[in-house]
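As structure tokens, the structure follows; a few thoughts come after it.
The values are calculated or read from the model by the stated rules, or taken from the named source; none is laboratory data. Note that the structure is predicted; figures quoted are calculated from it, not measured. Cβ coordinates were reconstructed from backbone atoms using ideal geometry, including for glycine residues, and neighbour counts include every protein chain displayed. Surface accessibility is based on the protein's heavy atoms, side chains included, excluding ligands, DNA and RNA. Shrake-Rupley method; radii C 1.70, N 1.55, O 1.52, S 1.80 Å.
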Amino acid sequence: MKLAYWMYAGPAHIGTLRVASSFRNVHAIMHAPLGDDHFNVMRSMLERERDFTPVTASVVDRHVLSRGSRDKVVSNISRKGEEQCPDLIVLTPTCTSSILQEDLQNFVDRASLYSESDVILADVNHYRVNELQASDKTLDQIVRHYLERAHKEGLLNRSLTDIPSANIIGILTPGFHNQHDCRELKRLSRELGVSINLIIPEGEFLRNIKYLPKAWFNVVPYREIGLMSAIFLEKEYGMPYISTVPIGISNTADFIIQIENLVNLWAPIILGKRVKYARYIDNQTRFVSQAAWFAISIDCQNLAGKEAVVFGDATHAASITKILAVEMGIHVSCSGTYCKHDMERFHEQVQGLCDEVLITEDHTQVGDTIARIDPAAIFGTQMERHIGKRIDIPCGVISSPVHIQNFPLGYRPFLGYEGTNQIADLIYNSFNLGMEDHLSDVFGGHDTKGISTKSLSIDKGNICWAPAAEFELRQIPGFVRGKIKKNTELFARKNDISEITVDVMYAAKERLNP
């Protein structure tokens, strides 16, 4: 645990609360001081849902610190059990309340004696894992708990469904375009003749978890959440899973081919025939997805050779890097992720697709890398969008954490063939196209973009611009201004010049264009 004013992934209890509140009729109680209880506001604002189960805070105050919190926590669990009659109550501490080192498992055991609801303690180390890891762990804990109970009670039916079916594991709120991606996965599965058995945790009842083994295979759309549950189901029940993320044309085709292979394990026996999806892939690539056509159009070819920086969670950053480098011919100077726990897999995914790989949770390091490379566009989280605004580089948001504008009301999936269209639009519109900045000057407008002459680095050797030089820089057309600024600063550093004046600008121009 460390003190920070910005985190890419939130603290562990946020991950637990996301999973608990995504299931139906599950209530979470957070053992926390005031100030840690912002989850309800965050979720209601981002997801804009009309009805959802709020999280209850069992507040740690001065009275609790003096007397202990067992009676208060047990009372809150019992009260919520009587008021709302949930199927499950999940108790979770926060990083702050974990410092008290209380025996919360004892609280849960005691509360179970008085509550008709199931009560469990989130099995998460709040000092060692982040939001994404805690989500994965909590979902796995709940799946194990109810499957093991069903097995003991003799209620576990392991017979496969009569037609090909799949479980989608890892859709939860509030997630980056998760609801749209889920709709796209259901549409794709329906067209392939594969029914959806269960979608967990989003919108599912706990009593239905015992039906998970009836599916032919599992789909994990995001590696950050759901992978532990899929691995458990494969180990205990022999259920294969697909972790290939269907983002982009090639990845979506690979995803469908894997579905074909898994369906054909049982199709000859149950259906009496094998399935073939090659024609479907061809039709979708040529007629539904416009991304393949767009990639060879003159508009996309104008982007060839432009530099981009990608940063986000491992799933989206790796997929967008592949789309940029392989499908659209854009040069990826740096690809990175804040998911340190999945860094080996990320390195494998982006190997050979970018010049350098950045694995960090430090946004200042990301900012300095972007400022050093000075790409034509950034594809990242809301933090990279803020960084881009400071140094006048456009940014397309491709990963959480995000602001509310990245929870659109309209249909905007990132997965599947419709997702390829959305991503192609996002990529193309994220670049400054042609002379658009200069045209406003030509037709009597004005350049509304300010000139950033400040480095994101905290090094003492930062270069400053004289007011006259800043004014001169503003007179340069926007589509080449960034390159001139970068070259001038490079010239100043090489010559140990701390302040850029108009004379320095012209000297740099003469040196670079003899």
field: Positions within the range 177-235 being farther than 25 Å from Arg279 by Cβ, hydroxyl-bearing (Ser, Thr, Tyr) and open to solvent by 30 Å² or more (accessible area, probe 1.4 Å), in sequence order
entry: Tyr211
field: Condition met for Thr381 (touching a Leu at 6+ places or on another chain (Cβ under 9 Å) and polar (S, T, N, Q))
entry: no
- prompt: Tell me, which residue of the range 120-148 that is of a type in the set (A, V, I, L, M, F, W, C) and open to solvent by 30 Å² or more (accessible area, probe 1.4 Å) is nearest to Glu224 (Cα to Cα)?
  reply: Val129
task: Restrict the check to the range 357-377 and report whether at least one residue is β-branched (Val, Ile, Thr), closer than 30 Å to Ile14 by Cβ and under 16 Å from the mean Cα position of the chain (by Cα).
output: yes
- request: For the range 284-314, enumerate the residues that are part of a helix (DSSP H, G or I) and of a type outside the set (Phe, Trp, Tyr).
  value: Gln284, Thr285, Arg286, Val288, Ala291, Ala292, Ala295, Ile298, Asp299, Cys300, Gln301, Ala314
- request: Would you point out which residue out of Asn283, Asn264, Asn302 is more than 22 Å from the chain's Cα centre (by Cα), open to solvent by 40 Å² or more (accessible area, probe 1.4 Å), polar (S, T, N, Q) and farther than 30 Å from Thr381 by Cα?
  value: Asn283
query: How many residues, within the range 117-144, are charged (D, E, K, R) and in contact with a helix residue (DSSP H, G or I) (Cβ under 6 Å, 6 or more places away or on another chain)?
result: 4
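For residues that are polar (S, T, N, Q) and modelled with pLDDT under 70, scanning just the range 45-94, find the one that is surrounded by the most Cβ atoms within 10 Å (Cβ to Cβ). Spell out how you get there, then give the answer.
Keep residues of the range 45-94 that are polar (S, T, N, Q), which gives 53, 56, 58, 66, 69, 75-76, 78, 84, 92, 94.
Checking the rest, the ones that are also modelled with pLDDT under 70 come to 53, 66.
On the way: Thr53: 18, Ser66: 7.
Once the filter is applied, the top-ranked residue is Thr53.
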All positions within the range 382-400 that are without any contact (Cβ under 8 Å) to a residue 40 or more places away in the chain and within 16 Å of Leu426 (Cα to Cα): Gln382, Arg385, Gly388, Pro394, Cys395, Gly396, Val397
- prompt: Does the range 368-390 hold any residues that are in a strand (DSSP E or B) and modelled with pLDDT under 90, and which are they?
  reply: none
Leading residue by the ranking (surrounded by the most Cβ atoms within 10 Å (Cβ to Cβ)) among those in the range 157-174 that are touching a Pro at 6+ places or on another chain (Cβ under 7 Å) and outside any strand (DSSP E or B): Leu172
